[in-house]
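Here's the structure, in structure tokens; my notes come after.
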Amino acid sequence: MTVVLFSWGKSIEGGTAEALTFALDQATERGAEMRWAVTAELEQEAVALAAHHGVRHVDVIDTAADGVDARVAVFAGYCRVTASDLILFNQSVEGRVIAARVAGRLGLPVLANVVALSNAGGSIKAEASAYGGDTRAEYVLSAPRNVLSVVTTGLVARAAAAPAAVETKRVSVDVGAPTAGFEVVSAPKVQAQRLEDAEIIVAGGRGLGKQENFELVKQMAEALGGMWGGSRAIVDDGWIDSSRQVGLTGKITRPGLYIAAGISGASQHMAGCSAAKTIIAINKDPDASIFRYARFGVVGDCVELLPELIRAAKG
Ligand SMILES: Cc1cc2nc3c(=O)[nH]c(=O)nc-3n(C[C@H](O)[C@H](O)[C@H](O)COP(=O)(O)OP(=O)(O)OC[C@H]3O[C@@H](n4cnc5c(N)ncnc54)[C@H](O)[C@@H]3O)c2cc1C
């Protein structure tokens, strides 16, 4: 049996170290081999990270994989030419889409939002968040090969006791003649820095009252040298672009500091920020759910408090 994790892009995305540890644990538990399949531009970074986390096999995919359509074709092609039984993706907005499309191409079952795996007799039992993150569902994977999109926010990365000797193998994939992909009719704005990788995030919600007040969130983020984001409620209301949405159906972030202003703390929002090291919440309702996650909480009006905090942050 072989466990494969895919990574791609210009740099290694947040959550990959956790996904590697998860994949290694699955391989160890099943007496399987673990291979990390990466696109060529990640080779150097991947080899260093693999050594640190004890991953011994890195497959460098030589075939160009720019854009979602190409990645689907290349990763499905990789799975056809290499042994791969448990095919894992670090769940991101794109990862979830690619996982489903790779599974479709290979005719394999796919499961998203996976948070844990265990053994059930001879099969694998998967736990996945369901109903927008409010509950957990259990699935028994009866097929011999499965594609899983894994949520890494609740996972912990583990370094190897000693750096592993990493063996890299170059893999070329024949993707055949191009087939029609999707026609892009609109695309979210792409930021220079990804929200998923930000160390400091200031996020706003409907508690800001009106769109103009969101400027306070932007100013606070700027004063702290961080990025800004928001809840789905204000994306739906058109205050901010969907590329800034944090949560289950938005960006999965893991910053050092997450400041939530006027955000209730719905489970679907917290799915995108609960891995933050420190959450500071400002909410006028002392019973708001966000306070269950926050290390520091301020009960008060965020529209009044933010200008003070911005002044303090600017020194
Ligand atoms: C399948 C599914 C997926 C979803 N995905 C996401 C997702 O990815 N991301 C996401 O965010 N949501 C998501 N949601 C929506 C989610 O359930 C919530 O509805 C949403 O997060 C609420 O946004 P909010 O906290 O800004 O607004 P509200 O729920 O309206 O909360 C506003 C908060 O602001 C407080 N407040 C009001 N006035 C002030 C003030 N002056 N100062 C301080 N505090 C104040 C209130 O006490 C309240 O707690 C999803 C829902 C479903 C069903």
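Taken together, the values in this text are just the output of simple stated rules run on the coordinates, not laboratory data. These figures come from a predicted structure and were not determined experimentally. Cβ atoms come from the backbone with ideal geometry, glycine included; neighbour counts cover every protein chain shown.
Using a Cα distance threshold of under 18 Å, what count of lysine pairs results for the chain when pairs must be 8 or more residues apart or interchain?
9
Based on Cβ point charges of +1 for Lys and Arg and -1 for Asp and Glu, what charge dipole magnitude is obtained for the chain about its Cα centre, in debye rounded to the nearest 20?
300 debye
Under 5 Å between amide hydrogens, which residues at least 5 positions from Glu199 or on another chain qualify, with H placed 1.01 Å from N in the peptide plane?
Under 5 Å from the amide H of Glu199: no residue qualifies.
In debye, nearest 20, what is the charge dipole magnitude of the range 2-171 about its Cα centre with +1 on Lys and Arg Cβ and -1 on Asp and Glu Cβ, if you could check? Please report the intermediate quantities before stating the final value.
On the way: 15 positive and 18 negative charges, 71 e Å.
The dipole of the range 2-171 has a size of about 340 debye.
List the residue ranges in the chain for DSSP H helices whose C-alpha atoms run 18 angstrom or more along the long axis and whose Kyte-Doolittle average is -0.5 or above. Mind dumping the intermediate values first?
Working: long enough: 16-29 (19 Å, 0.11); 68-81 (20 Å, 0.95); 93-106 (21 Å, 0.61).
Qualifying helices, which must be both long enough and hydrophobic enough, are 16-29, 68-81, 93-106.
Once you've got the GNM for the chain with C-alpha springs shorter than 10 Å, pick whichever of Gly122, Gly204, Gly300 has the biggest mean-square fluctuation.
Of Gly122, Gly204, Gly300, the most mobile in the Gaussian network model is Gly122.
Over the chain, what is the relative contact order in whole percent, taking alpha-carbon pairs under 8 Å and six or more residues apart?
Result for the chain is 15 percent.
Which of Leu20, Gly133, Gly107 sits farthest toward the positive end of the charge dipole of the range 2-171, with +1 on the Cβ of Lys and Arg and -1 on the Cβ of Asp and Glu?
Of the options given, the answer is Gly107.
Summing -39500 (n - 2.57) over the DSSP H runs of n ≥ 4 in the chain and dividing by its residue number, what mean residue ellipticity at 222 nm do you reach, to the nearest 500 deg cm²/dmol? Intermediate results must be reported in sequence, preceding the final value.
Numbers: 9 runs with 90 residues, N = 315.
After summing the helix terms and dividing by the residues of the chain, the value is -8500 deg cm²/dmol.
Which of Ala76, Ala143, Ala19 ends up with the largest GNM mean-square fluctuation for the chain, with Cα atoms connected below 10 Å?
Taking springs between Cα atoms under 10 Å, the residue moving most is Ala143.
In whole Å, what are the extents of the range 2-171 along the principal axes defined by its C-alpha atoms, from largest to smallest?
39, 38, 28
Between Gly77, Gly14, Gly121, find the one with the highest GNM mean-square fluctuation for the chain; connect C-alpha pairs within less than 10 Å.
Gly121
So if I take the centroid of the Cα atoms in the range 87-139 and the same for the range 1-24, what is the distance between those two points in Å?
Centre-to-centre distance over Cα atoms comes out at 15 Å.
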